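Okay, structure first, notes after.
The values are calculated or read from the model by the stated rules, or taken from the named source; none is laboratory data. Predicted model only: the values in this text are computed from it and were never measured. Cβ atoms come from the backbone with ideal geometry, glycine included; neighbour counts cover every protein chain shown. Protein only, heavy atoms only, side chains kept; ligands, DNA and RNA dropped before computing areas. Shrake-Rupley method; radii C 1.70, N 1.55, O 1.52, S 1.80 Å.
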Amino acid sequence: MTAAGTAPPAISLTGVHFAYGEVPVLQDVSLDVARGEFLGIVGPNAGGKSTLLKLILGLLKPSAGGIRVLGEPPRRARRRIGYVPQYPGFARDFPIGVEDVVLMGRFGLGWRLGPWTKADRSAAAAALDEVEALDLRARQIGTLSGGQLQRVLLARALVGEPQLLILDEPTANIDQRLEGEIFELLAQLNRRLTIVVGSHDIAFISAYVSRVACLNRNLVCHTTD
């Protein structure tokens with residue numbers, strides 16, 4: 001229960017269960033993520049990290065338990081969430097430019113008809129600038145390195161002006177130096193956004209996040225102080 005005049009948690013999970021068919025993936029998962037928090041979710045492959053993130057996004061429904069995101073059911077909150085998936089939703093050799101990829105993040109702001117507006121393009125430029133990738137604006141996606149692509153996907157998540165940012169293994173395919181650059185950038189974004197990131201590397205992300213949620217069907221949280 002939230003006190004009068006107090007904002008609810010960014011994310012609240014209560015007794016969440018989920019299974020693919022007869023195979024249980026999450027069992028009795030409960031978690032509150034405070035607004036402004038930077039939470040890392042870690043665990044083994046097939047431990048449920050991506051499934052949990054998809055439940056928070058409203059892409060899946062729990063078989064039992066409750067989920068609230070920004071005070072609402074996940075599907076209703078989706079427009080206020082920025083999401084960076086583990087794999088881009090398009091082929092790397094698809095002939096599309098960086099600016100157009102970032103502009104895709106504006107679709108979540110409501111129905112539109114006609115070309116992108118000046119305001120849309122200004123928002124895309126601002127998002128690329130914030131992730132230090134404005135110089136890539138005119139490039140084709142297929143010409144980017146792994147680190148450059150991650151910055152562009154992050155800009156796509158930010159261009160919709162979210163309150164909550166969710167990332168699934170954002171540095172899985174880049175080297176350790178670039179991994180550090182991405183997490184330094186996330187630390188800066190955390191000054192204004194709640195961030196939840198799924199990762200396999202607890203040792204690395206512990207230097208950046210405020211709490212680590214260890215997930216392998218069940219969930220246990222630890223602070224990083």
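In square angstrom, what is the accessible area per residue of the chain with a 1.4 angstrom probe? Walk me through the numbers before you get to the answer.
Working: 11170 Å² over 225 residues.
Roughly 50 Å² per residue, with all protein chains present.
How big is D for the chain, in µm² s⁻¹ as a whole number, if Stokes-Einstein is applied with the Kirkwood radius of its Cα pairs at 20 °C and 1.002 mPa s?
118 µm²/s
Assigning unit charges at the beta carbon (Lys, Arg +1; Asp, Glu -1) and nothing else, what dipole magnitude in debye, to the nearest 20, does the chain show about its Cα centre?
The calculated dipole for the chain is roughly 820 debye.
Can you give the calculated 222 nm mean residue ellipticity of the chain, where each DSSP H run of n ≥ 4 adds -39,500 (n - 2.57) and the sum is split over every residue, rounded to the nearest 500 deg cm²/dmol?
Calculated from helices alone, the mean residue ellipticity at 222 nm is -8000 deg cm²/dmol.
Return the lysines within reach of Lys118: Cα separation strictly under 18 angstrom, same-chain partners fewer than 8 residues apart disregarded; answer none if there are no such residues.
none
Need one number: nm distance between label points at Lys61 and Ser30, each 7 Å from Cα along Cα→Cβ, rounded to one decimal.
Using points 7 Å along Cα→Cβ, the separation is 2.4 nm.
Straight-line reach from Lys49: which aspartates and glutamates have Cα under 13 Å away, leaving out those fewer than 8 places along the same chain?
Asp168, Glu169, Asp201
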